[in-house]
Every structure is written in structure tokens, then in C-alpha cells.
Amino acid sequence: MAFDGITVAALVRELQETLKGGRIYKIAQPENDELLLTIKTDAGGQRRLLISSGASLPLMYLTQGNKPGPMTAPGFCMLLRKHLQNGRIVDITQPGLERIVQLHIEHLNEMGDLCRKRLIVELMGKHSNIIFVNDQDMIIDSIKHISCMVSSVREVLPGRSYFIPMTQEKSDPLSVDPASLRQSLTEKNMPVYRALYGLYTGLSPVIAQEICFRAGVDGDLSTAFFTRDPGGQEALNRLCDAFFHIMEQVKAGDFHPVIVYEKKTPVEYAALPLTMYGEADRTDIPSISRLLEQYYAEKSTFTRIRQKSADLRRIVQTALERNVKKYDLQLRQMKDTQKKDKYRIYGELLNTYGYEAAAGDKSLKALNYYTGEMITIPLDPLLSPSENAKKYFDRYGKLKRTFEALSTLTAQVKEEIDHLESIQAALDIALREEDLVQIRDELVESGYIRRRGGAKKARFTSRPFHYLSSDGFHIYVGKNNYQNDELTFKLATGGDWWFHTKGIPGSHVVVKSEGAQLPDTVFEDAARLAAYYSKARGQDRVEIDYTEKKNVKKPNGSKPGFVVYYTNYSMVIDSDISGLTLLED
């Protein structure tokens, strides 16, 4: 993902169509590095333009939302209000394919004279800024002051001349000619896609890979291929054609914004169709502003939840690793106890045939009357046969007691591992902060997090996922173990159907049958949901157990979410739920 020059070009075109000729009605500065302009357009409506120069997430787009500003406006905001309040936007431009948007604004000064100024938005990662300049390119002020102590390339301070920093030797892809492009690509010895975005401004790695894909050229292939391989020239021709086709789309304003999703999570976007992704993964968005707002809102939600759940994940992972190590050690000890029956048989045979052993013998051959085979029993020559028998019985007794203790302990530790893995699965599907509340409370109840003194039990506001099948049946999916128990033993009735991945941590899925016979498609829909909301998400073949709810039982004293069932059906299915509708309860 990248707020690249092509994205900026699409944004500039959209702003020209909607804001050009409009008057700036309100100016607010909700955050230290953010502006929100309210503009009355020629069409009579109001539009809001959000501009953020945040180092980690520079943004600019039209939005329906509003953000409250501070009680006292910052100095930069007051300055803009003084000069630009009621100013008219006469033009919106982008130099080349630079990640720069220039708002050309016409206003009346204190003397009533018509003046022109520019509000320049630089969307350049950590170097992003919002700069206010006069018609002589003199900086009046900026939202971030950059002195020579911070940058040796360019100072951004009141009174300094404004210029676009040329920190990289890149060319404008909109003005390059075919001969220059061919020469540039054959001079470099690096992967083709890296050469494209390294040579020309405004191209992101994603667009560079898209150009390669459209040309049928492996983007990771070295550019040396074009000159040394017999098919190199033909591949270079295709690459140049794809490059200029995209540049023509940009010049013509032929933008088709898309967001690419992977497992319902936004992973990429572009102002042009990304044909290198399948159609099922791409979602067309009607405007670049809506794309940017939607993408970063969804991405921000996903990132924020990952950050909020980081502590819980660390607690669960630490406990899980500790229990897995304990379980592995116990299994090795259990393996050692397998010798116990051998020692018991040695003792019994010595009591039966010990009279045949002479003093000082180191072994005794005897018939094992359990198997009918002759075996050799090692002896301690310093001990009598009866004493050797007692020694073997003592070993047997010790290993038997160890086996009995370990049988209970390993079952407990395995149950704890399964419980922790189910909590991990719940953390993976959490979408909102309230989804984490029950998970935290479960960890508190399980003793993994200490409840603070006087702290009240959290109020639960999270609800299970609610889907509607293609046949109109309601399907519910638990987000955590508490919700799993709630769904299975309170919401579901005896005739409803219950689904869960076989031997894999995941959510309980309940289909409300309402006394009707379910079509096969509903069974498949519910099974896919069980596969998707489990550790098996993304797999093409997942085994699902399903049964009527009346067959599902919860043992006394068992962990949250743990159930048993002895009568069930099974099916193998994929985890694709794209055809299901998620309802907002």
C-alpha cells in the first residue's frame, strides 16, 4: 500500500471536480498535524476536506465526518483563518506525479485587494507537511517547522523560499519518451519492478509490479535479461507498452480505485485496477476519497485491535509455551513408565523360577508364561533371587505410581493447552475493543491475569457474529469461549444444529432451525463459518463435526467453551465465507 503519485493524481482530479470554485467556509485543526476544511461548493453543498501530515499516516481526502477542534485554535489554524477564510479555490494542481497537492486560493487582503496564495500539502511519509506560501513562493508558515538542524536539504520556516526538494534522481513518468525508458531500464542491473519505481517519481512498488504483470514479465527478474536473453527485447517492448498504457490512463483521468482484501482484511489499494490480484480479492470503490477513508479506517481498526490485544497475546503465548514444554516433558516421562510391566514380569518370574539361579549369576533364562517365550532376566550377582525380585517389584511400583500421577497431570495440562489455544483463536477473530473484554475476563478467571483490588467485573457488550444463510436461516458464531457456552447452552434449543472444527480450536457455530428441516446449503454455510472462525482459516479442506444441539454436553467443572458429544456427522469443506451475509445486530 502506498499513497503514491498516481493516487494523488486521482485525488487531485476528484478535488478539481468537486471543490474548484468553492469557498472556504471553516478551518479547523483537530490535531497538531491535521486540518479540516469545510468548503461551500458552487453546487450549493458543503464538503469537508481532511488533510493530515502525520509522519506515520499522511492523508488527504473528502469526508462526510466531522472532528471537533480544540477550545483554543493553534497558531497555524488562526493564521489560515485570517488569510483564507471565505477564500475561493481557483485551482488544484499536482506538479508532475509528485506526492504534492497545491490548493490555489484567491482572497481579499486587509486593503480589499485581490491576492493569491497556495496551501501546499506534501504527502511524503515522515517528511509530510502542510505549507502556506504567497504568490512569490515565500513561506508564510507551515504546520511543521523544519530547520537546518533537522534537514540539510531544505528549511521550511517563515520567510524562506519554497521549493520541491529533489532528494532523489527520479524522472517524471508522464513526460518520459520510449527511447529514454528503454535506455534507463537496460542501464540498470536490478529487479525490473525495483528499477521502475526507483527511476520514476510517483510509482509505488505495487504499481511497478502491476506494470510487470500486465506486460507478462516477472517483476523479480533482473533488467539484464532485456539485453542478454533472446526474448529480452520482446519482453522490454511489452513492458514499455504496459508502462505507457498506465501513464495514458493517468493523463486521461481514467481512474478505477480498488481495495484488495485478504481474509476480509484490507492489504492493498490503488487508483487503478490491480489486475495481478483475482477479481474475488478486489473491491471497486466509486471514489478515491471514499477508498482512502474506508481503507485506512478498516486498516486502523485492525491495527488498533492488534495493538490493544498485544498484551493479552503475550500472556497467552507465554502460558502456552510453558504448558507445551511441561506437556512434552510429561510425555517423555510417561514413555519411561512403559517399562513398568516388564519389571513386574521379571519379579513374578524370579519368584517362580528363582531357585534355578546359582549364587553369583548375572542373569537367568526363564519361560514367560504370558507369551510362551524364553526371556533373559538381568540379575544383581550380590543379591539373592528373592532380593532381585523385590528390587524389580519396587521399580514396578514406583513407575506405576508415576504413570498414575502423570496420567492425571498430562490430561490437565493438555486441557490447559487446548483452552489457551482456544483463547488464541478468539484473539485472532476479535474485531472491536469490546470483543477483548470477555477474553481478558476469562484470563482473569483462569488466573493468568491478576484482578486489581476493588476492580469490578467488566460489563460485556460484545455479541456473537450473526450471519444469514443463502436460504434465510440465522447462524450465530461465538467470538470467545464465554460466547460459545452462551450460544450452545442458552441460545440454542435441542433441535438446532451445532458445528465445530474437528480437533482444532475454533468457535461454536449454531444454526437456528426453528423446527424446520435444513437444506444442504445451510449445513455447508455453517460448516464454512466453523472453518473460517478457527485455527484452520484459509485452508481448502477442513473437517467439521456437526450434530443436533441436544447431543452436546458440558462436563461439570470443565473450562469455558469445552464440550463433549458422542453422536455426530462430519464433512470436509473449505473456509470461504464470501457468499454469506454478516448482519449488524
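I'm trying to understand the selection: among the residues of the range 396-425, which are among the hydroxyl-bearing types (Ser, Thr, Tyr) and surrounded by 15 or more Cβ atoms within 10 Å (Cβ to Cβ)? Those that are among the hydroxyl-bearing types (Ser, Thr, Tyr) and surrounded by 15 or more Cβ atoms within 10 Å (Cβ to Cβ): Tyr396, Thr402, Thr410, Ser422.
If we scan the range 544-558, do we find a residue that is assigned to a loop (DSSP other than H, G, I, E, B), within 30 Å of Gln412 (Cβ to Cβ) and touching a helix residue (DSSP H, G or I) at 6+ places or on another chain (Cβ under 7 Å)? Can you show your working first?
Start the filter on the range 544-558 by keeping residues that are assigned to a loop (DSSP other than H, G, I, E, B), which leaves 552, 554-558.
Those still in the list that are within 30 Å of Gln412 (Cβ to Cβ) too: 552, 554-558.
Restricting the remaining residues to those that are touching a helix residue (DSSP H, G or I) at 6+ places or on another chain (Cβ under 7 Å) gives 552, 554.
Yes: the range 544-558 contains one or more residues that are assigned to a loop (DSSP other than H, G, I, E, B), within 30 Å of Gln412 (Cβ to Cβ) and touching a helix residue (DSSP H, G or I) at 6+ places or on another chain (Cβ under 7 Å).
Within the range 466-479, residues that are more than 24 Å from Pro505 (Cβ to Cβ) and surrounded by 14 or more Cβ atoms within 10 Å (Cβ to Cβ) reach partners that are at pLDDT below 90 and acidic (Asp, Glu) with beta carbons closer than 9 Å, at six or more positions or on different chains, in the pairs Phe473/Glu514; His474/Glu514. Filtered by the rule that a residue be over 14 Å from Gly561 (Cβ atoms) and of a type in the set (A, V, I, L, M), the range 493-511 gives a lone residue, Val511.
A residue that is in contact (Cβ under 8 Å) with a residue 60 or more places away in the chain and surrounded by fewer than 19 Cβ atoms within 10 Å (Cβ to Cβ) can be found somewhere in the range 497-510. Taking first residues from the range 365-392 that are without any contact (Cβ under 8 Å) to a residue 40 or more places away in the chain and partners that are of a type in the set (S, T, N, Q), the Cβ contacts under 7 Å between residues at least 6 apart in sequence or on separate chains come to Lys365/Thr376; Ile375/Asn368; Thr376/Ser363; Ile377/Ser363; Pro378/Ser363; Leu379/Ser363; Leu379/Asn388; Asp380/Asn388.
Got a sec? Which of Ile285, Ile211, Ile207 is within 30 Å of Arg432 (Cβ to Cβ) and touching a residue at least 24 places away in the same chain (Cβ under 8 Å)? Break it down stepwise before answering.
Numbers: Ile211 fails: within 30 Å of Arg432 (Cβ to Cβ); Ile207 fails: within 30 Å of Arg432 (Cβ to Cβ).
Only one candidate qualifies: Ile285.
In the set Leu11, Leu49, only one residue is more than 22 Å from Pro173 (Cα to Cα), outside the structural domain of Val260 (by TED's automatic domain parsing) and surrounded by 16 or more Cβ atoms within 10 Å (Cβ to Cβ); that residue is Leu49. Inclusion of Asp328 among residues that are out of contact with any Asp or Glu (no Cβ under 8 Å at 6 or more places or on another chain), within 30 Å of Leu420 (Cβ to Cβ) and modelled with pLDDT under 90 is not warranted. Considering Gly87, Gly125, Gly112, the condition of being touching a Pro at 6+ places or on another chain (Cβ under 8 Å) and farther than 30 Å from Ala235 by Cα is satisfied by Gly125 alone.
In this structure, Ser363 does not qualify as of a type in the set (S, T, N, Q) and in contact with an Asp or Glu (Cβ under 8 Å, 6 or more places away or on another chain).
Which ones in the range 472-501 are more than 25 Å from the chain's Cα centre (by Cα) and among the basic types (Lys, Arg)? Talk me through it step by step, then tell me what you get.
So in the range 472-501, the residues more than 25 Å from the chain's Cα centre (by Cα) come out as 472-474, 485-499.
Within the range 472-501, Lys490 is the sole residue that qualifies.
Under the condition of being aliphatic (A, V, I, L, M), at pLDDT 90 or above and surrounded by fewer than 17 Cβ atoms within 10 Å (Cβ to Cβ), the residues counted in the range 572-585 number 1. Filter the range 114-135 down to residues that are part of a loop (DSSP other than H, G, I, E, B) and of a type in the set (A, V, I, L, M, F, W, C) and give me whichever is surrounded by the fewest Cβ atoms within 10 Å (Cβ to Cβ). Once the filter is applied, the top-ranked residue is Met124.
Hey, can you tell me all the residues within the range 559-585 that are of a type in the set (Val, Ile, Thr) and not in a strand (DSSP E or B)?
Initial filter on the range 559-585 (of a type in the set (Val, Ile, Thr)): 563-564, 567, 572-573, 577, 581.
Once the filter is applied, which keeps residues that are of a type in the set (Val, Ile, Thr) and not in a strand (DSSP E or B), the range 559-585 yields Val563, Thr567, Ile577.
Count of the range 251-302 residues, restricted to those that are of a type in the set (A, V, I, L, M), under 15 Å from Val206 (Cα atoms) and crowded, with 19+ Cβ neighbours inside 10 Å, is 7.
Tell me the residue from Leu62, Leu35 that is buried (at least 22 other Cβ atoms within 10 Å of the Cβ) and either modelled with pLDDT of 90 or more or outside any loop (DSSP other than H, G, I, E, B) (or both), please.
Numbers: Leu62 fails: buried (at least 22 other Cβ atoms within 10 Å of the Cβ).
Selected residue: Leu35, the only one of Leu62, Leu35 that is buried (at least 22 other Cβ atoms within 10 Å of the Cβ) and either modelled with pLDDT of 90 or more or outside any loop (DSSP other than H, G, I, E, B) (or both).
Keeping to the range 460-501, report how many residues are part of a loop (DSSP other than H, G, I, E, B) and polar (S, T, N, Q). Qualifying residue count, the range 460-501: 6. Lys490 meets the conditions (1) farther than 21 Å from Lys414 by Cβ; (2) touching a residue at least 12 places away in the same chain (Cβ under 8 Å) in every case but one. The failed one is (2). Looking at the range 355-363, is at least one residue part of a helix (DSSP H, G or I), modelled with pLDDT under 90 and either in the same structural domain as Ala411 (by TED's automatic domain parsing) or within 30 Å of Glu445 (Cβ to Cβ) (or both)? Yes: the range 355-363 contains one or more residues that are part of a helix (DSSP H, G or I), modelled with pLDDT under 90 and either in the same structural domain as Ala411 (by TED's automatic domain parsing) or within 30 Å of Glu445 (Cβ to Cβ) (or both).
Contact map, the range 559-580: residues that are among the aliphatic types (A, V, I, L, M) paired with residues that are in a loop (DSSP other than H, G, I, E, B) and crowded, with 16+ Cβ neighbours inside 10 Å, Cβ distance under 7 Å, separation 6+ or inter-chain. Pairs shown: Val563/Val552; Leu580/Ser469. Can you go through Glu98, Glu106 and tell me which one is among the acidic types (Asp, Glu) and outside any strand (DSSP E or B)? Glu98 is the lone residue from the list that is among the acidic types (Asp, Glu) and outside any strand (DSSP E or B). Condition test on Ile246, is it within 30 Å of Thr186 (Cβ to Cβ) and of a type in the set (Val, Ile, Thr)? Yes; evaluated as a whole, the condition is true for this residue. Of all the listed residues (Met149, Met111), the sole one being outside the structural domain of Leu50 (by TED's automatic domain parsing), exposed (fewer than 14 other Cβ atoms within 10 Å of the Cβ) and without any contact (Cβ under 8 Å) to a residue 60 or more places away in the chain is Met149. State whether the residues of the range 65-77 include one that is crowded, with 16+ Cβ neighbours inside 10 Å and touching a His at 6+ places or on another chain (Cβ under 8 Å). The answer is no, given that none of the residues of the range 65-77 is crowded, with 16+ Cβ neighbours inside 10 Å and touching a His at 6+ places or on another chain (Cβ under 8 Å).
Among residues of the range 1-21 that are more than 24 Å from Pro205 (Cβ to Cβ), those with a beta-carbon under 7 Å from a residue that is among the basic types (Lys, Arg) and not in a helix (DSSP H, G or I) at least six positions away or on a different chain give the pairs Thr18/Arg47; Leu19/Arg47; Gly21/Arg88. Across the range 73-81, not a single residue is classified as in contact with a Ser or Thr (Cβ under 7 Å, 6 or more places away or on another chain) and either of a type outside the set (Val, Ile, Thr) or free of Cβ contacts under 8 Å to residues at least 24 places away in the same chain (or both).
The values are calculated or read from the model by the stated rules, or taken from the named source; none is laboratory data. Everything numeric here is computed off the predicted structure, so don't read it as measured data. No Cβ is skipped: glycine too gets one built from the backbone with ideal geometry, and neighbour counts run over all protein chains shown.
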